[in-house]
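K.L.:
Input: one structure, supplied below.
The values are calculated or read from the model by the stated rules, or taken from the named source; none is laboratory data. Here the structure is a predicted model, which means the values were calculated and not measured. Glycine gets a Cβ as well: all are built from the backbone with ideal geometry, and neighbour counts include every protein chain shown. Calculation scope for accessible area: heavy atoms of the full protein, side chains included, ligands and nucleic acids excluded. Shrake-Rupley method; radii C 1.70, N 1.55, O 1.52, S 1.80 Å.
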Amino acid sequence: MEPTVIDETKPLFTQIAEKVEDSILNGTLPELSRAPSTNELASFYSINPATAAKGINRLVDKGVLEKRRGIGMFVTEGARALLINEHRTTFSENFISPLLGEANRLGLGSEDVIALIEERSRELHLTTALDPTAAKG
């Protein structure tokens with residue numbers, strides 16, 4: 001995790017929850033592993049422990065983290081799949097639905113949209129392959 005939370009458009013507790021989620025999604029915080037404590041997060045990000053606790057409690061409520069009395073916080077089994085499904089739904093609602101709405105308005109069918117996505121993907125892949133500063137994925 002990176003030590004700064006600076007998105008002023010989101011509450012700090014939301015950013016804390018998102019940072020932990022990102023660590024679960026990218027595998028740096030595997031399922032069944034010990035998660036950072038409220039105090040560790042508060043110290044790491046220089047925030048109030050109550051704020052960190054609010055972010056952690058969101059993840060507990062979601063079923064992504066579990067508290068083990070006297071031991072700490074742990075990533076639940078199936079947490080990554082749960083987060084992937086949640087992010088997939090959000091992605092669909094925020095990007096795919098508007099895309100299909102605009103395609104419909106332009107008279108484009110699903111095959112046309114797929115062809116445009118494939119074309120753009122090839123263009124971006126070519127651009128990325130030629131750009132030495134582009135991040136490798």
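K.L.:
Being open to solvent by less than 20 Å² (accessible area, probe 1.4 Å) and either assigned to a helix (DSSP H, G or I) or free of Cβ contacts under 8 Å to residues at least 12 places away in the same chain (or both): is that true of residue 55 here?
P.N.:
So residue 55 fits the description; yes.
K.L.:
Tell me, please, whether a residue that is over 22 Å from residue 10 (Cα atoms) and of a type in the set (S, T, N, Q) can be found in segment 53-69.
P.N.:
No: segment 53-69 contains no residue that is over 22 Å from residue 10 (Cα atoms) and of a type in the set (S, T, N, Q).
K.L.:
Here is a further query. Of the numbered conditions (1) surrounded by 10 or more Cβ atoms within 10 Å (Cβ to Cβ); (2) part of a loop (DSSP other than H, G, I, E, B), residue 107 satisfies every one except a single condition; which is it?
P.N.:
For residue 107, the exception is condition (1).
K.L.:
Could I ask something else about it? Take residue 44 and decide whether it is within 15 Å of the chain's Cα centre (by Cα), assigned to a helix (DSSP H, G or I) and of a type in the set (A, V, I, L, M, F, W, C).
P.N.:
Considered against the rule, which asks whether it is within 15 Å of the chain's Cα centre (by Cα), assigned to a helix (DSSP H, G or I) and of a type in the set (A, V, I, L, M, F, W, C), residue 44 comes out as no.
Matching residues to (1) exposed (fewer than 12 other Cβ atoms within 10 Å of the Cβ); (2) over 30 Å from residue 20 (Cα atoms); (3) of a type outside the set (S, T, N, Q):
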site: 72; (1), (2), (3): no, no, yes
site: 76; (1), (2), (3): no, no, no
site: 85; (1), (2), (3): yes, no, no
site: 101; (1), (2), (3): yes, yes, yes
site: 113; (1), (2), (3): no, yes, yes
site: 116; (1), (2), (3): no, yes, yes
site: 126; (1), (2), (3): yes, yes, yes
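K.L.:
Counting only residues that are among the hydrophobic types (A, V, I, L, M, F, W, C) and open to solvent by 70 Å² or more (accessible area, probe 1.4 Å), how many does segment 58-70 have?
P.N.:
Selection size over segment 58-70: 0.
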